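Beneath this line is the structure, given in structure tokens, with notes to follow.
Nothing in this text is a laboratory measurement; each read-out follows from the coordinates by a stated rule. Values in this document were obtained by computation on a predicted structure and should not be read as measured data. In this analysis, Cβ positions are derived from the backbone assuming ideal geometry, glycine residues included, and neighbour counts consider all displayed protein chains.
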Amino acid sequence: MGRNLTLPVPETLYATYAVALPAPVPDPADLARAEVTCRTRPPLRDLVLGMLDSPMLTLD
């Protein structure tokens, strides 16, 4: 990865994911945080974790 990373403005970033699970996830945000932490390297990991903590992002 280069020295500069340009990401879209959050207002223009939309995504919907559907995943079949055998049972409900007690806390989807904790699961997302754990998966991003173990699978993604900095600097992208830090940016994604910051977005997960944003009040603009909802995980259901």
Completion exercise
Output ordering of 20-33, 40-53 (per-residue mean of other Cβ within 10 Å, highest first) is 40-53, 20-33
Fill in the blank from the handout: Here the gain from full extension of LEU31 to SER54, 0.36 nm per residue of separation minus their alpha-carbon distance, amounts to 6.7 nm
Practice task
Measure off 7 Å from each Cα along the Cα-to-Cβ vector at VAL19 and ARG39, then give the distance between these two points in nanometres to one decimal.
Solution key: 0.6
